[in-house]
C-alpha cells in the first residue's frame, strides 16, 4: 500500500512518499523517510521491499558520489536515471530488486526532470508519475489538475489534493506523507503531512 | 648496464626506472610523427605516414587517425598493431559508458580509462607495455574542445599543442614558440603543416605522406570528425608555402 508520486513544475520537481514502514499487519513506524538525497540536486523516492529499497538506493547513491569524486563533475539527472535503470536491468534476470523509483532532479542546463523507473527496469521520462495503489488516485487527480509550468504553490495544492484523495478512498491508506522538492538551489525537505503522529513513550 | 632488469617489464631497476616503458617510448621515437593543436574552434591532428608505397590500397582507411566515438578521435604514433588493440579497447570503453549513461563519455574520462589499461601493463601480468603514444582530440559539454597526449607509461596530460613520434621534442619546441591562445582552426592547420615540414626527415611534403583530421562543432552543434581529402590537403600544403605548386610539364 506504499504511495509514491511526483510532478515537474516550472523550475522545480516535487516528489511525495508515504512514511509508513509496514510488515504484514503491523505498522513498524509511521515516519520512515523513503525519499533519499541522491546528490545535492537529485531526489530518489522509492517504494517496494524495504530491504531492497534501502540496499538499492544506497548503492546508487554511493555510485553517484563515486562518479563525482572520480571525475570532478556531477552526473546529469538523465545519466543517473539511465545508470539506475541499467543496474536494475542487469540484476533483473538473476537476483532482481523489488524497488520502484521516481527520480527527480534539477540540471542547470536542462532544468527540472522526473524519471519513472519500475522494478522491471522500465524507464520513462515524465511530467507526472506515481506508484502503488495510491497511483490510481494520484494519477487521476494529476491528470485532471496538472498543467506544465506550475508554481510551487499550485503544485503543493495539487499534492494535497492527491494526498486527500488517497486518504479518503484507499482502504488502508497511509496516514503520513513527506514532500521533498528539488530546484536550482538543491534538493530539500519541503513539508510533512501528518494525520497520525507517533505517540511518545510514556514518561516514568 | 642494468641489462638484468630489462627482461621483466614490471620491476624497477635499482635506479628506480622502468626500462621496458622507456624502451617502448624509444620505439615510438622511431615511428611517424603526429601533431595536435587545440584551436578555439576546433582541434587539428596531423600525422606523418610512414608507409607510402604506390601499391598500398588507401581507399577509406587511415594509417594515423582513428575515430573512437562520435565526439572523440585520436592520432597514433608507434607500433600499429599495438595501437589497434588500444583503439578497440577505447571504442569499447566509450560505448560501455554511453550504454550505461545514455550520454557521450567525457573525453578526459575516456583518456583516463585507456591510460589505466596501459598502466596495468607496467605493473602486473608480465606483459610488455604497448608501444604507442596517442593524441586524443574531442569535445564534450563539460570542457568543450580538448586535446590529450598519452604515452606507454599510462601517463596523460591535457595540452594546447603536442607532438608524438619522431622528432617530437623539436616539434614541441617549435609549437611552444608559435602557438597563440586564440589560434583559429585554419591557422592551426597551417601551423601544424609548417611544424611537420620542419621536423620531418623527407625533403618535400606531399599529400601522400600526410594525414590531416579535424574535430570541431558544426553550426548545428554536432561534433564533426573530418579527414582531409588528398586534393584538399595538397591545396593546403601549397597555401601554407610548404610545397611549391605543381608546375605544368611542357
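The values are calculated or read from the model by the stated rules, or taken from the named source; none is laboratory data. This one's a predicted model, so the numbers in the text were calculated from it and none came from an experiment. As a convention, Cβ positions derive from the backbone with ideal geometry for all residues, glycine included, and neighbour counts pool all protein chains shown.
Laid out as a table, the results:
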| quantity | calculated |
| --- | --- |
| Scope the stretch A:60-81; condition within 14 Å of chain B (Cβ to nearest Cβ) and under 21 Å from the mean Cα position of the chain (by Cα); matching residues | A:60, A:63, A:64, A:74, A:75, A:76, A:77, A:78, A:79, A:80, A:81 |
| Any hit, the stretch B:128-149, residues being at positive phi, more than 14 Å from chain A (Cβ to nearest Cβ) and in a loop (DSSP other than H, G, I, E, B) | no |
| Residues of the stretch A:35-58 satisfying the condition of being in a helix (DSSP H, G or I) and touching a strand residue (DSSP E or B) at 6+ places or on another chain (Cβ under 9 Å) | A:50, A:52, A:53, A:54, A:55, A:56, A:57, A:58 |
| Residue among A:30, A:78, A:47, A:24 that alone is modelled with pLDDT of 95 or more and surrounded by fewer than 22 Cβ atoms within 10 Å (Cβ to Cβ) | A:78 |
| Some residue of the stretch B:100-107 being within 14 Å of chain A (Cβ to nearest Cβ), under 30 Å from residue B:241 (Cβ atoms) and not in a helix (DSSP H, G or I) | no |
| The stretch A:87-104, subset in contact with a strand residue (DSSP E or B) (Cβ under 7 Å, 6 or more places away or on another chain) and within 14 Å of chain B (Cβ to nearest Cβ), residue surrounded by the most Cβ atoms within 10 Å (Cβ to Cβ) | A:103 |
| Residue A:84 in a helix (DSSP H, G or I), buried (at least 17 other Cβ atoms within 10 Å of the Cβ) and within 14 Å of another protein chain (Cβ to nearest Cβ) | yes |
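Conditions tested, residue by residue: (1) at pLDDT below 95; (2) in contact with a helix residue (DSSP H, G or I) (Cβ under 8 Å, 6 or more places away or on another chain).
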{"residue": "B:101", "(1), (2)": "no, yes"}
{"residue": "B:106", "(1), (2)": "no, yes"}
{"residue": "B:111", "(1), (2)": "no, no"}
{"residue": "B:129", "(1), (2)": "yes, yes"}
{"residue": "B:133", "(1), (2)": "no, yes"}
{"residue": "B:139", "(1), (2)": "no, yes"}
{"residue": "B:148", "(1), (2)": "no, yes"}
{"residue": "B:171", "(1), (2)": "no, yes"}
{"residue": "B:174", "(1), (2)": "no, yes"}
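For every residue, the table says whether it meets (1) closer than 30 Å to residue B:205 by Cβ; (2) surrounded by 17 or more Cβ atoms within 10 Å (Cβ to Cβ).
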site: B:36; (1), (2): yes, yes
site: B:49; (1), (2): yes, no
site: B:88; (1), (2): no, no
site: B:108; (1), (2): no, yes
site: B:117; (1), (2): no, no
